[in-house]
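Before any comments, here is the structure.
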Amino acid sequence: MRVLVTGGAGFIGANLCRALTAREEVEKVTVLDDLSTGNLANLDGVEVDFVKGSILEDDLLATLVADAGAVVHLAARPSVPRSLEDPLASHTVNATGTLNLLEACRATKPHVIVASSSSVYGDAQEPHKHEDLPLRPLSPYGASKVATEAYALAYGRSFSLPVLAFRFFNVYGPLQSADHAYAAVVPTFVSMALRGRPVPIYGDGNQARDFTYVGSVAEVLVEAINRMATNTKPVNLAFGTRVTLRHLKDVLSEVLGRPIEVTFLPPRIGDIRESQASPHLLRHLFPTVRPVQLDEGLRATVAWFEQAAVSRPSAHVDLPLPPTNKTFPHM
């Protein structure tokens, strides 16, 4: 099996590449990344063919896709705040870039997995976000992810392309950067707490998220590639956990063994109050999957941050395969 991972130098992509290259049945992993948000150091020690380039480069995409039996499309312009500052850039990368990739895949028809986001649900009031809910994105980023998954499923129906769209929910873990203005909540909390600084909470801290450890995400993606899994609608890739930001702070405090101070800030435009997945479809398609618990995932994340701090300036450490509660069959 030859696998192309777009955005493979990013946080999720690099963890996935580690999981893929650990499998003897995977002949080759190729990474396409323009390094706009990814970091080549994330792939240190990982046996991949790295190509610096963009999903907006049609000829390059066609060449790389032609050599792949499976494509995992993770390349994107992430972040709700970033999309509010430059909506057109988010659309160009996330929507047009996905369309470019799908066009490249029409010729050879590899198995295609695309990454969507829980942000597509927007302010849907149902406590568990299930895949049949109407989509009401609150940000240009969320809208661009609606386009991502819609194009993928449309190409599946229109051109018999084997596709699977996953909706990611607040993925966290080793390799996730905290050194930029758009950093996600877990790396921000861990980084600030390790430096003895208050963690920032926008709003009252009772907003809830379905935090998903990157090891669980990588293992689901590996199994999906292994089985060439497809589905006619998107699939939530989360396990139905509900964690408020206040509780996240408390669990992190227990992991660190000391109190953590909080700075409360005004709520941010585009933030979603409740984001909890219904995992029923995921469990139906991948019945043996078990999530990594929050305290275990946070321990692994803290350990990586501590090792990365010691190994400055490269901030690279030898990262073991992410912990998982499931061993999947070989490819």
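We did not get these values from a lab; they are worked out from the coordinates using the rules stated. Bear in mind that the values here come from a model prediction, so they are computed numbers and not experimental data. We place every Cβ from the backbone using ideal geometry, glycine too, and count neighbours over all the protein chains shown.
Some notes on this structure:
- Here Asp250 meets the list (1) more than 28 Å from Gly8 (Cα to Cα); (2) part of a loop (DSSP other than H, G, I, E, B) almost entirely, failing just condition (2).
- Of the criteria (1) buried (at least 20 other Cβ atoms within 10 Å of the Cβ); (2) within 18 Å of the chain's Cα centre (by Cα), which one Ala68 fails: (2)
- Hits in the range 189-202 - residues which are in a helix (DSSP H, G or I) and touching a strand residue (DSSP E or B) at 6+ places or on another chain (Cβ under 7 Å): Phe189, Met192, Ala193
- Within the range 152-187, the residues that satisfy the criterion of being assigned to a helix (DSSP H, G or I) and surrounded by 17 or more Cβ atoms within 10 Å (Cβ to Cβ) are Ala152, Leu153, Tyr155, Gly156, Val185, Val186, Pro187.
- Screening Arg77, Arg2 for residues that are under 25 Å from Tyr155 (Cβ atoms), under 17 Å from the mean Cα position of the chain (by Cα), surrounded by fewer than 24 Cβ atoms within 10 Å (Cβ to Cβ) and in contact (Cβ under 8 Å) with a residue 40 or more places away in the chain leaves exactly one candidate, Arg77.
- The residue list Gly203, Gly215, Gly257, Gly240 contains one member that is touching a His at 6+ places or on another chain (Cβ under 7 Å) and not hydrophobic (A, V, I, L, M, F, W, C), which is Gly240.
- Condition check for Asp44: free of Cβ contacts under 8 Å to residues at least 40 places away in the same chain and surrounded by fewer than 20 Cβ atoms within 10 Å (Cβ to Cβ): no
- Selection within the range 111-133 - farther than 17 Å from Ala238 by Cα and either part of a strand (DSSP E or B) or in contact with a Phe, Trp or Tyr (Cβ under 9 Å, 6 or more places away or on another chain) (or both): His111, Val112
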